[in-house]
1. Using only the alpha-carbon atoms, how far is helix 21-30 inclined from the longest principal axis of the chain? Give it as 0 to 90 degrees, nearest 10.
2. Cα-Cα over 20 Å: which of 143/183; 70/112; 137/176; 45/183; 89/176?
3. Assuming 0.36 nm per residue, please report the length gained on full extension of the stretch residue 171 to residue 143 beyond their Cα-Cα distance.
4. Grab the Cα-Cα distance for residue 52 and residue 88, subtract it from 0.36 nm times how many residues apart they are, and report the gain in nm with one decimal.
5. Find the percent of Cα-Cα distances in segment 2-68 that exceed 15 Å, and round it to a whole number.
6. Semi-axes of the equivalent ellipsoid of the chain: what are they in whole Å, largest first, if each equals the square root of 5 times a C-alpha gyration tensor eigenvalue?
7. How many nm is it between the label spots at residue 14 and residue 159, if each spot is 7 Å from the Cα in line with the beta carbon?
8. Taking all protein chains together and a probe of 1.4 Å, list 11, 39 from the most accessible to the least accessible.
Amino acid sequence: MQSSCIQIGHRGCSPYYDNTLESIKQACDRSSGCEMDLRLTLDNKIVLIHDEIILGTKLLVNNCTYEEIKNINKDIILLEDILNNINSKILCLDIKDNDINILKELSILLGKYNENCNLILIGAWNKNNLDYINNDKILSQYKTCLITEDILLFPLILEADIISLRYDLITSEIIKIVHGLGKYICAWTVNSKK
């Protein structure tokens with residue numbers, strides 16, 4: 001396995017707000033692509049937002065329609081907005097919801113954009129989501145990533161193409177094991193050159 005490193009924007013690029021179209025465009029202009037956080041609205045729209053509660057409210061994203069969310073924060077966008085505006089860049093889709101319904105909607109959406117999305121990586125935080133992705137006719141065509149802070153989930157790497165760990169959990173031993181399996185490893189929350 002070749003040793004190389006690529007840089008991906010995390011939720012976009014500062015000084016822009018996280019997970020906004022401008023932030024993601026800037027990250028893609030300055031790096032190989034961008035990671036973004038996905039959640040499902042009450043009306044089954046996939047929006048880019050990290051937290052399950054809408055900032056400044058006590059409202060859960062999955063209990064609000066997209067229109068209601070836009071009335072609260074006009075900067076919250078749909079994944080479809082990204083797919084319509086970003087091409088030829090790596091898009092890391094971090095599935096924040098544990099509900100399979102977001103994956104069903106993602107499958108439908110990516111089915112429409114299949115030709116434009118050959119650089120998509122779908123990230124899952126648990127076995128159920130990873131299993132669904134690997135068994136879905138459309139989603140299984142994309143690279144999968146196990147995202148975890150729990151080293152006990154490490155054996156699930158066999159079911160993913162990539163493992164994504166918080167940088168301080170990565171050791172030379174883990175890198176050796178992952179590369180020995182023919183897999184890739186990603187580090188996140190790297191905020192310094194050290």
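1. Tilt of helix 21-30: around 30 degrees.
2. Listed pairs above 20 Å: 70/112; 137/176; 45/183; 89/176.
3. Contour length minus the Cα-Cα distance gives 7.7 nm.
4. That pair, residue 52 and residue 88, stretches by 10.0 nm at full extension.
5. The proportion of pairs with Cα distances above 15 Å equals 57 percent.
6. Semi-axes from the Cα gyration tensor: 26, 19, 17 Å.
7. Using points 7 Å along Cα→Cβ, the separation is 3.6 nm.
8. 11, 39
The values are calculated or read from the model by the stated rules, or taken from the named source; none is laboratory data. Every value quoted in this text rests on a predicted model; they were computed, and no experiment measured them. Note that each Cβ is placed from the backbone with ideal geometry, even for glycine, and that neighbours are counted across all protein chains shown. Just so you know, the surface numbers come from the protein's heavy atoms only, side chains and all, with ligands and any DNA or RNA stripped out. Shrake-Rupley method; radii C 1.70, N 1.55, O 1.52, S 1.80 Å.
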